[in-house]
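Asker: This is the structure I have questions about; it appears just below.
The values are calculated or read from the model by the stated rules, or taken from the named source; none is laboratory data. None of these values were measured; they are calculated from a predicted model. FYI the Cβ positions are ideal-geometry reconstructions off the backbone, even for glycines, and counts take in every protein chain you see. All accessible areas refer to the heavy atoms of the entire protein, side chains included, with ligands and DNA or RNA removed. Shrake-Rupley method; radii C 1.70, N 1.55, O 1.52, S 1.80 Å.
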Amino acid sequence: MTPITPPAELPDSLKASFSLMNTTKPAREQLDSKSIQSVTEWFYSERWHQERADTTELMWLLHWLPAEQSERIAEIADAICISQLEAGDIDSAIALAEDTLAKHDDFCLRHTLALAQSAKGDLNQAIGTLEQALGNSELIESNTPAEQRIQAWLDLARLLQNAKALFKAMRPARAAIALAAQYHDEELLVEALTLLVRQLIEQGGSDEAWEALKPHLSDTYSTGQSALWTLAFSELSNELSEADRNRGALFFLDANEPDALIRLWVKRAETAKEQDDVLIAYILCLLFRAPIDAAAPLAAKLLLRDKDRQTERAPLIAASAMALAEIPDDRSIKRAHWYRDAMIQLISVARHQGVPEAAVKQWAEDQKLLLEHGVIERASEQLINELATPPAWLQHAIRK
């Protein structure tokens, strides 16, 4: 046992006992159990629980904890193992965990042992250790925090995924989801649903993924709900019904978080058969001043053919894209490129409208097609009026 530096705040009444305990080869017979327990009680409550103890001090405390305090022994051993894992000392973590578990079984420590075994590359052993812990109802129910149980189910699901046992991974993932929902742990619920949804999508079960996710979506804003609706829109957009899309769109609009909504419609526009989808995506970009990186390709798609550039709306589309490119935006990684592209596009539209290139600048001034003329707002208003049946949520977006 390595001696430790005496803490400055150690009470005078404990210093004599501590000094004997802190010798190189302390003899327990020199101290009565009550004195030892007084010292360990102070270190446990004033050093460990106040997050002041380092690994060396915890090792010292573990050595002196009374054998009958099995829960504390397992707790401190777990903390040491986690510290050793973080330091990359995997073998020491495994050895300490196994030695402690041989005397004091503990759910959290078994969980940590499984992580250590996994870190060493012993996947099957790690899976077995975690399955053993999760299968022991008495062990789980002995004051194991819900968060720890949820995390253990999640880790088991990941271990099984890593072992290519994808079908088996679904059960622990669903168990984690159910527990997280039961205990209202939103952060872990998002983590578990994301894990399951992505696995199901990868296996070709997008419909099943949507069925797993949908019951956990709410119209009430929270950070977790924003993450879940984003997951739905970004990875399951083809599974959403019109009612689902409307509900999600209103969620993001009410939360003043339109980015996920814009990404969904931009993605739809990439493969759209109906031009209205492209138009809606572009309108959203205008309404919420989306990065020009997203808006410019949509404008180009709306102005793809010669006949598109001859329409009444063409100048507004081209000019509003150029206006967006003029607005400084840290989100745009190619703003200068898109500005040049938009300018070329505006010149092309002008030519198709019968305006010579030399007169484009004056034409843009006369038609009030510049940013300072409010061309972005005018374009969005006119394009909305061209939609045969604008989605209800789009009207809501306009009002905002």
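Asker: With all protein chains present, how much of the accessible area of the chain (probe radius 1.4 Å) comes from carbon and sulfur, to the nearest whole percent?
Answerer: 48
Asker: Moving on. Return the whole-Å distance between the Cα centroid of region 365-400 and the Cα centroid of region 284-298.
Answerer: 13
Asker: Sort 137, 348, 218 from largest to smallest accessible area, using a 1.4 Å probe on the heavy atoms of the protein chains.
Answerer: Result of the area sort, largest leading: 137, 218, 348.
Asker: Rounded to the nearest 10 Å², what accessible area does residue 63 show when all protein chains are kept and the probe is 1.4 Å?
Answerer: Only protein atoms counted, so the area is about 80 Å².
Asker: Using a 1.4 angstrom probe on the protein heavy atoms only, line up 268, 305 by accessible area, largest first.
Answerer: Most to least solvent-accessible, the answer reads 305, 268.
Asker: How compact and how long is the chain, expressed as Rg and Dmax of its alpha-carbon atoms in Å?
Answerer: Values for the chain (Cα only, Rg and Dmax): 31.5, 104 Å.
Asker: For residue 270 and residue 389, FRET efficiency with R0 = 22 Å and r from the beta-carbon atoms, rounded to 0.05?
Answerer: 0.50
Asker: Quickly rank 67-80, 314-327 as a protection proxy: mean count of other C-beta atoms within 10 Å, highest first.
Answerer: Taking the mean over residues of other Cβ atoms within 10 Å, the ranking is 314-327, 67-80.
Asker: I'd like to check one number: the per residue accessible area of region 256-308, probe 1.4 Å, reported in Å² as a whole number.
Answerer: Heavy-atom SASA per residue in region 256-308 reads 44 Å².
Asker: If you average the alpha carbon positions of region 150-217 and of region 91-119, how far apart do those two centres end up, in angstrom?
Answerer: Cα centroid to Cα centroid, the span is 25 Å.
Asker: For region 312-400, what does the convex hull of the Cα positions come to per residue, in cubic angstrom?
Answerer: Spread over its residues, the Cα hull of region 312-400 gives 115 Å³ apiece.
Asker: Right, something else. Using helices alone, I'd like the mean residue ellipticity at 222 nm for the chain: each DSSP H run of four-plus residues gives -39500 (n - 2.57), total over residue count, nearest 500.
Answerer: -21000 deg cm²/dmol
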